[in-house]
């Protein structure tokens, strides 16, 4: 069974938001990721990413469009990680599921220890937006 997971590509001043996971799946603890989370049963993916970012960071965003996805097999599950381009709307960062966050230049994304599912997404973002 594949778990659908959405992730946010949020850009500000030519930098991209990544966050370091501090809770949840042991396969990705301590790794950096495009923030997001699981899509609930019968939930629209645009709504899911907006909900997840609000829950995890207390930020309001607006999902604009689907960018790319990656199906990744972890030891305990398979995830379909679906990246959405999003606009920051409002709010100040409050970390709930992450130990830190950073705004990084897209060409620096692979300098971070990214979760395995996020690496192909980062490569895509780096290549497409050159």
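Laboratory data are not the source of any read-out in this text; all were calculated from the coordinates shown. These numbers were taken from a predicted model, which means no experiment stands behind them. Glycine also receives a Cβ, built like all others from the backbone with ideal geometry; neighbour counts cover every protein chain displayed.
Between residue 80 and residue 124, the FRET efficiency from the beta-carbon distance, with R0 = 25 Å, is close to 0.95. The GNM of the chain, with springs linking C-alpha atoms under 10 angstrom apart, assigns the highest mean-square fluctuation among 83, 29, 41 to 41. Calculated on the Cα set of region 1-69, radius of gyration then Dmax: 12.1, 39 Å. Where both partners of a DSSP beta bridge lie in the chain, what percent of those bridges are antiparallel, to the nearest 5? Just about 70 percent of them are antiparallel.
Listed by Cβ neighbour count within 10 Å, with the fewest neighbours leading, 32, 103 appear as 103, 32.
Exposure proxy ranking for 126, 1, based on other Cβ atoms within 10 angstrom of each Cβ and starting from the fewest, stands as 1, 126. Sorting the segments 86-98, 5-17 by their mean number of nearby beta carbons within 10 angstrom, highest to lowest, gives 5-17, 86-98.
Here the Debye sum runs over all C-alpha atoms of region 59-130 as equal scatterers in vacuum, and log10 of I(q)/I(0) at q = 0.13, 0.14 Å⁻¹ comes out as -0.47, -0.55. For the chain, averaging the sequence separation of C-alpha pairs within contact (under 8 Å, six or more residues apart) and dividing by the residue count gives a relative contact order of 33 percent.
FRET efficiency for the pair residue 93 and residue 73, taken as 1/(1 + (r/R0)^6) with r the Cβ-Cβ distance and R0 = 41 Å, rounds to 0.80.
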